[in-house]
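Read the structure below first, then the notes.
The values are calculated or read from the model by the stated rules, or taken from the named source; none is laboratory data. Keep in mind it's a predicted model, so treat the numbers as computed, not measured. Virtual Cβ from ideal backbone geometry, glycine too; neighbours counted across all protein chains shown.
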Amino acid sequence: MNTIEIEGNWEEQKGKLKQMFAILTDDDLMFEKGKKQEMLGKLQTKVGKTKEEFDKMMSQL
């Protein structure tokens, strides 16, 4: 997987994720520098996707 672009268009991606998965909260989607992988792992677990499925979904946002 290519690096997921978060910093530049995170607000747009965050909105799309909230539309796709109503269970996600603002706290779930809070991006902190240096903790990107931790946040993505938690999101993957919360939405019930494998790492590969989640990475593919994020790259298509």
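Annotations for the structure displayed:
- Residues of region 23-37 satisfying the condition of being modelled with pLDDT under 90, over 13 Å from Gln13 (Cα atoms) and not polar (S, T, N, Q): Glu32, Lys33, Gly34, Lys35, Lys36
- When Asp55 is tested against (1) at pLDDT below 90; (2) among the acidic types (Asp, Glu); (3) exposed (fewer than 15 other Cβ atoms within 10 Å of the Cβ), only condition (3) is not met.
- Near pairs, Cβ below 7 angstrom, 6+ apart or cross-chain, from region 45-61 (free of Cβ contacts under 8 Å to residues at least 12 places away in the same chain) to any residue that is in a helix (DSSP H, G or I) and of a type outside the set (S, T, N, Q): Lys49/Met57
- Identity of the residue in region 25-35, surrounded by 10 or more Cβ atoms within 10 Å (Cβ to Cβ) and either over 10 Å from the mean Cα position of the chain (by Cα) or among the acidic types (Asp, Glu) (or both), that ends up farthest from Met57 (Cα to Cα): Lys35
- Under the condition of being among the basic types (Lys, Arg) and surrounded by fewer than 12 Cβ atoms within 10 Å (Cβ to Cβ), the residues counted in region 36-50 number 0.
- Residue within region 1-15 that is in a helix (DSSP H, G or I), of a type in the set (A, V, I, L, M, F, W, C) and either modelled with pLDDT under 90 or loosely packed, with under 12 Cβ neighbours inside 10 Å (or both) present: yes
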